[in-house]
1. Using +1 at the Cβ of each Lys and Arg and -1 at the Cβ of each Asp and Glu in segment 17-92, identify which of L26, T64, W46 lies farthest towards the dipole's positive end.
2. Going by a ≥ b ≥ c, the root eigenvalues of the Cα gyration tensor, does segment 46-89 fall in the rounded group (a/c under 1.5), the prolate group (a/b larger than b/c) or the oblate group?
3. Jot down the radius of gyration and Dmax of segment 66-106, Cα atoms only, both in angstrom.
Amino acid sequence: MGNSLENVVCMIITMGMFGESLASSLHKVGGSAGWTTLGNVDYQKWTSSDIFTPGDSLLFVYNTQFHNVKQVSRRDFLSCNATSALATYNSGSDTVALKTPGHYYFLCGFPGHCQAGQKLHVLVVTTTTPSPSLSPDPSPVPSPSTGSSPSPSPATASEDSAQNGAISFSLSLSTAMSGVVVFFVAFMFY
């Protein structure tokens, strides 16, 4: 009996250690519609249905004859300016890692597409403690193989409040798992 208890405890501890990597998600931008101007996809509504955390990735799926993906600064996002992109993606199936907490801004660089709504703002929140995101971070600098330039200056808190009407919360799976481990071990030895 002691041996099976040790196995269970080891399994739970291992799950807690790897919980962070298990918690990351791949989010297909726009859902089944993908990255497009067709079908009136509301990308702001799409992002509001998920919580994005470090380690997650965005998958942009689109027709390369009509679309691309440009990661831009907040200022360029608001003005639909694709000329000074932080990164450019054009494979038609691009995965962008959301490595750090902060604001990520994307738009289609084809003329008129951003103005038609083909743009995306993703807020990545920390996973260690639940906390409101009241002050923005600068747009993270990506590390793709194409088109990088210097990081933009940070946005102000008042600009962020205007852009984001909601406060996001997130709780880490590893934090939850550590609580389960403590409870389980205490229960088993009680």
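Every read-out reported here was derived from the displayed coordinates using simple, explicitly stated rules and does not represent laboratory data. Remember, predicted model here, so these are calculated numbers, not experimental data. No Cβ is skipped: glycine too gets one built from the backbone with ideal geometry, and neighbour counts run over all protein chains shown.
1. T64
2. Details: a/c = 1.88, a/b = 1.27, b/c = 1.48.
Cα axes put segment 46-89 in the oblate bin.
3. 10.5, 31
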